[in-house]
Amino acid sequence: MTAADVPRGRGRPRDPRTDDAILRAALELFTEHGHAGTSIEQIARRAGVGKLTVYRRWASKDELIAAAVESARGEIPSPGPDDLAGLSYAEISQVIVDALPVSARTLAEPGYRAMLAQVLGSSVTHPGVMTAFWRNHLVPRRHTAHLALSRAVEEGVLPTETNIEALIDMTVGAVVYRLLRPEPPDADELLEYLRTVYAQAGMIPRQW
């Protein structure tokens, strides 16, 4: 047992630096080796802690990897319902436009693309990982996109018969497909692609 495994006094808060080290180690190992090639022992070793320290925080490898995937969203903005309530199509579109450069930089990182590939590969055998990715990486942005497209329909930018959910699915599919191609784009190329796809979908004005 290491010093990190010594029980702490009741009520003493956990050290967030330890949590961060464990999540970072779990994400790195999952990205490098996938779910099957990652173990709690490996995660603890890379994080520089004992196994008991890991198990005090997460009851299973599945829970830990899901938390690590959740943490990987990084600096991608995720405006909530309160941030967008009552905004017009133009205002919501501007929120999306402002977020695109950060989104492009994050999505263009090799580590993020590798993590995405591992998440997709484990979606059947370990659905909890995909659930975490869906809930923390996709749902917030789907909510923003849905509001933008709903306003676009209400304000006559898009036809009233527009199937918003299908349009969002097509947009997400286009971006994922672009990321997984053999020659993925760099941040500048991806930013231009995001602007093009979002404009074609009606989430932002065509001028972008």
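The values are calculated or read from the model by the stated rules, or taken from the named source; none is laboratory data. As the structure is a computational prediction, the values presented were derived from the model and not from experiment. Every residue, glycine among them, receives a Cβ derived from its backbone with ideal geometry; neighbour counts consider all protein chains shown. Note: areas computed on protein heavy atoms with side chains; ligands, DNA, RNA excluded. Shrake-Rupley method; radii C 1.70, N 1.55, O 1.52, S 1.80 Å.
Among the criteria (1) open to solvent by less than 70 Å² (accessible area, probe 1.4 Å); (2) part of a helix (DSSP H, G or I); (3) not polar (S, T, N, Q), the one ILE76 does not fulfil is (2).
How many of the residues making up the stretch 37-70 are of a type in the set (Ser, Thr, Tyr) and surrounded by 17 or more Cβ atoms within 10 Å (Cβ to Cβ)?
At the first step, the residues of the stretch 37-70 found to be of a type in the set (Ser, Thr, Tyr) are 38-39, 53, 55, 60.
Then drop every residue that is not surrounded by 17 or more Cβ atoms within 10 Å (Cβ to Cβ), which leaves 38, 53.
Counting residues in the stretch 37-70 that are of a type in the set (Ser, Thr, Tyr) and surrounded by 17 or more Cβ atoms within 10 Å (Cβ to Cβ) gives 2.
Using the structure shown, decide if ARG135 is under 18 Å from the mean Cα position of the chain (by Cα) and basic (Lys, Arg). Considered against the rule, which asks whether it is under 18 Å from the mean Cα position of the chain (by Cα) and basic (Lys, Arg), ARG135 comes out as yes. The set of residues in the stretch 1-26 that are modelled with pLDDT of 80 or more and open to solvent by 100 Å² or more (accessible area, probe 1.4 Å) comprises ARG17, ARG24.
Of the helices (runs of 4 or more DSSP H) lying entirely inside the stretch 94-167, those containing at least 2 residues that are surrounded by fewer than 18 Cβ atoms within 10 Å (Cβ to Cβ), out of contact with any Pro (no Cβ under 9 Å at 6 or more places or on another chain) and touching a residue at least 40 places away in the same chain (Cβ under 8 Å) are 110-121, 127-133. Residues that are assigned to a helix (DSSP H, G or I) and open to solvent by 40 Å² or more (accessible area, probe 1.4 Å) within the stretch 174-202 comprise VAL176, TYR177, ARG178, ASP188, GLU189, GLU192, TYR193, ARG195, THR196, TYR198, GLN200, listed in sequence order.
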